[in-house]
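Data block below; observations after.
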Ligand SMILES: *Cc1c(COP(=O)(O)O)cnc(C)c1O
């Protein structure tokens, strides 16, 4: 009996810290402090231990019968998490002004599905930005359509057309800015305000900017979705997603994820927390490098257009400057004329850029992308640009020295010309 009633106190000395985040702290400070609670670390260590646990023990039958408060941050059963996962979701909540809570998902795609399934039911209509992440489009056809949910795609830069798409059954809007592959920045406050006026829930895939670069809820969105796989993980070694929401939607999100049995492993949560601590610094570095490389690319004769909202003069730069507080290393560029084979010569000649999906890691990546394939409400290349200039290369700039990356790209262009 004795061991059941004795608790861990006494094993770990408690060093209570009085530091707490306040609204005055700046982003770099916030990421180092967020989610750190003495009750999860004992106050003696910096990061919560990896609590690998399915079973959580109760003191006795009376304790079990009473159950435990079914809230976040309460031991109950492994599917509801333990301090490792709670610390990560608390950290993400603290970083998102206006959030009441954050639900973690096994991937970014699972987070998007979790948000959509929380809000939508049979007969509802969903609007999706035409430049959304391609698996979001697939989800509309493969997951939502069979459930009796209709999806309509809209041009995120054409506000009157978007407004005209709303009907009495429009229940949710899925936004993304900058858009995947072609990086269009849209007027999120305007799009979210229209959704609200029409009684629809607005959700944004905020993976590109993260909360450090775009405060989604403060700009009118109801839910902020992230693939933690990208910037938060930051080391290309884990898959995870999150949805943060205010008090209106957080409880429903949490219930739906529990019903669906979503849980993330404590090992992965610990990796994500570790990544989060350096995220501000990594984003700062990759943004500065990306800007330098984008500027260099803009002056190349082989490049028709650089699609990098952080670059002055690039499409979307003005809105980016108005609404965003940061960028990242992901951007694209359009080749002047060129051919699929020439683009492959360019990419294959690169030595420092890995060829692979995903982004936001410490290492630079390159992929050939074909935006035309994943569009229905807009066209690629955009009307007004030369239809010959349609081949796109996407770069994810990592933490290497940008001068080395530029030299690598120079080698790529030489190989492209060399045939
Ligand atoms: C990668 C990505 C996702 C999906 O994340 P996964 O963890 O790979 O499922 C969602 N949205 C955007 C914009 C992404 O780039």
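The values are calculated or read from the model by the stated rules, or taken from the named source; none is laboratory data. What you see is a predicted model, and the numbers here were worked out from it, not measured in a lab. Here the Cβ positions follow ideal geometry from the backbone for every residue, glycine too, while neighbour counts run over all protein chains shown.
So that you can scan it fast, the table gives a plain yes or no per residue for (1) free of Cβ contacts under 8 Å to residues at least 12 places away in the same chain; (2) within 29 Å of residue 89 (Cβ to Cβ); (3) part of a helix (DSSP H, G or I):
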| residue | (1), (2), (3) |
| --- | --- |
| 256 | no, yes, yes |
| 264 | no, yes, no |
| 283 | no, yes, yes |
| 296 | no, no, yes |
| 311 | no, no, no |
| 315 | no, no, no |
| 321 | yes, no, yes |
| 325 | no, yes, no |
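Given the structure, is residue 118 within 16 Å of the ligand (Cβ to nearest atom), within 24 Å of the chain's Cα centre (by Cα) and either within 30 Å of residue 373 (Cα to Cα) or in a strand (DSSP E or B) (or both)? No: the conditions fail for residue 118. Is there a residue in segment 97-108 that is touching a residue at least 24 places away in the same chain (Cβ under 8 Å), part of a helix (DSSP H, G or I) and either within 16 Å of the ligand (Cβ to nearest atom) or on the phi > 0 side of the Ramachandran plot (or both)? Yes, there is a match, as at least one residue in segment 97-108 is touching a residue at least 24 places away in the same chain (Cβ under 8 Å), part of a helix (DSSP H, G or I) and either within 16 Å of the ligand (Cβ to nearest atom) or on the phi > 0 side of the Ramachandran plot (or both).
If you filter segment 327-340 down to residues that are in contact with a helix residue (DSSP H, G or I) (Cβ under 9 Å, 6 or more places away or on another chain) and assigned to a loop (DSSP other than H, G, I, E, B), you find that the one that is modelled with the lowest pLDDT is 338.
With at pLDDT 95 or above, crowded, with 19+ Cβ neighbours inside 10 Å, in a helix (DSSP H, G or I) and within 16 Å of the ligand (Cβ to nearest atom) as the only criterion, which of 87, 111, 91 stands out?
Result: 111 is the single residue among 87, 111, 91 that is at pLDDT 95 or above, crowded, with 19+ Cβ neighbours inside 10 Å, in a helix (DSSP H, G or I) and within 16 Å of the ligand (Cβ to nearest atom).
Residues that are at positive phi, in a helix (DSSP H, G or I) and within 15 Å of the ligand (Cβ to nearest atom) occur in segment 210-217; there is at least one. Hey, could you check segment 127-152 for residues that are away from the ligand (no atom under 16 Å from the Cβ) and either free of Cβ contacts under 8 Å to residues at least 24 places away in the same chain or within 17 Å of residue 195 (Cβ to Cβ) (or both) and say which is surrounded by the most Cβ atoms within 10 Å (Cβ to Cβ)? The qualifying residue surrounded by the most Cβ atoms within 10 Å (Cβ to Cβ) is 127.
Which residues, counting only those in segment 220-232, are crowded, with 21+ Cβ neighbours inside 10 Å, more than 9 Å from the ligand (Cβ to nearest atom) and assigned to a loop (DSSP other than H, G, I, E, B)?
Residues of segment 220-232 crowded, with 21+ Cβ neighbours inside 10 Å: 221-232.
So of that shortlist, the ones also more than 9 Å from the ligand (Cβ to nearest atom) come out as 221-224, 231-232.
Passing the criteria: 221, 222, 231, 232.
Of the set (1) within 13 Å of the ligand (Cβ to nearest atom); (2) out of contact with any helix residue (DSSP H, G or I) (no Cβ under 9 Å at 6 or more places or on another chain), all apply to residue 240 but (2).
When you look at residue 366, is it touching a helix residue (DSSP H, G or I) at 6+ places or on another chain (Cβ under 6 Å), within 22 Å of residue 185 (Cα to Cα), at pLDDT 95 or above and not in a helix (DSSP H, G or I), yes or no?
yes
For segment 294-309, the tally of residues that are buried (at least 23 other Cβ atoms within 10 Å of the Cβ) and out of contact with any strand residue (DSSP E or B) (no Cβ under 7 Å at 6 or more places or on another chain) stands at 1. Figure legend. Inter-residue proximity from segment 204-226: first residues over 26 Å from residue 396 (Cα atoms) and in the same structural domain as residue 185 (by TED's automatic domain parsing), second residues within 15 Å of the ligand (Cβ to nearest atom) and assigned to a loop (DSSP other than H, G, I, E, B), beta-carbon distance below 7 Å, spacing 6+ or different chains. No pairs are indicated.
Each row is one residue, and each column tells you yes or no for (1) in the same structural domain as residue 107 (by TED's automatic domain parsing); (2) assigned to a strand (DSSP E or B); (3) farther than 20 Å from residue 139 by Cβ; (4) within 16 Å of the ligand (Cβ to nearest atom).
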{"residue": "175", "(1), (2), (3), (4)": "yes, yes, no, yes"}
{"residue": "180", "(1), (2), (3), (4)": "yes, no, no, yes"}
{"residue": "185", "(1), (2), (3), (4)": "yes, no, yes, yes"}
{"residue": "199", "(1), (2), (3), (4)": "yes, no, yes, no"}
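Among the residues of segment 58-80, the ones that are in contact (Cβ under 8 Å) with a residue 12 or more places away in the chain and touching a helix residue (DSSP H, G or I) at 6+ places or on another chain (Cβ under 8 Å) come to 6 in all. Taken over segment 341-358, residues that are in contact with a strand residue (DSSP E or B) (Cβ under 9 Å, 6 or more places away or on another chain) and either assigned to a loop (DSSP other than H, G, I, E, B) or outside the structural domain of residue 407 (by TED's automatic domain parsing) (or both) amount to 5.
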